[in-house]
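> Before anything else, here's the structure in question.
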Amino acid sequence: MSLAISESELREQLLKDNAEFRRLATEHQHYSNQLDDLMNKHFLSEEEQLQEKTLKKKKLMLKDQMYSMVQKVRRELESH
């Protein structure tokens, strides 16, 4: 079966069917919201700058995990 499924379709399917993917996406959105709050400030203290870097790293880690899950599902679909 060579039906091409887009990454966004796979993500939507995982959001619907996979609790772990949903948890990762929710956590990613939470960090994104926190970063938005920091970015709205005109000046960041040293502590807030550190928090910003930490949030960016956490967000990227979650994004990588979600991408890996999408790729795993894609490989599984392509092998059938």
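> Please report how many Lys pairs in the chain have alpha carbons closer than 21 angstrom, counting only residues at least 8 apart along the chain or sitting on separate chains.
For the chain, the number of qualifying lysine pairs is 11.
> Pairs of alpha-carbon atoms within less than 8 angstrom and 6+ residues apart define the contacts here; what relative contact order does the chain have, in percent?
So the answer I get is 43 percent.
> Multiply the residue separation of M39 and E7 by 0.36 nm, subtract the distance between their alpha-carbon atoms, and state the gained length in nm to one decimal.
So the chain would gain 8.6 nm between M39 and E7.
> Let me ask you something else. How much net charge surrounds Y67 when only other residues with a Cβ under 10 Å from its Cβ are counted (Lys, Arg +1; Asp, Glu -1)?
Local net charge: +1.
> Return the FRET efficiency for the residue pair Q71, H30: r is the Cβ-Cβ distance, R0 is 30 Å, and the value is rounded to the nearest 0.05.
0.80
> Let me ask another. Compute the long axis of helix 19-39 from its Cα atoms, compare it with the longest principal axis of the Cα atoms of the chain, and write down the angle in degrees, 0 to 90, nearest 10.
30
> Using just the Cα positions, wrap the stretch 7-75 in a convex hull and report its mean projected area in square nanometres, one decimal place.
4.8
> Still on this structure: What FRET efficiency comes out for the pair Q51/R23, r = Cβ-Cβ distance, R0 = 22 Å, nearest 0.05?
Calculated transfer efficiency: 0.50.
Read the figures in this text as sums done on the coordinates, not as results from a lab. Remember, it's a predicted structure, so these values are computed and weren't measured experimentally. Because the Cβ atoms are built from the backbone with ideal geometry, glycine has one as well, and the counts that use them run over all protein chains shown.
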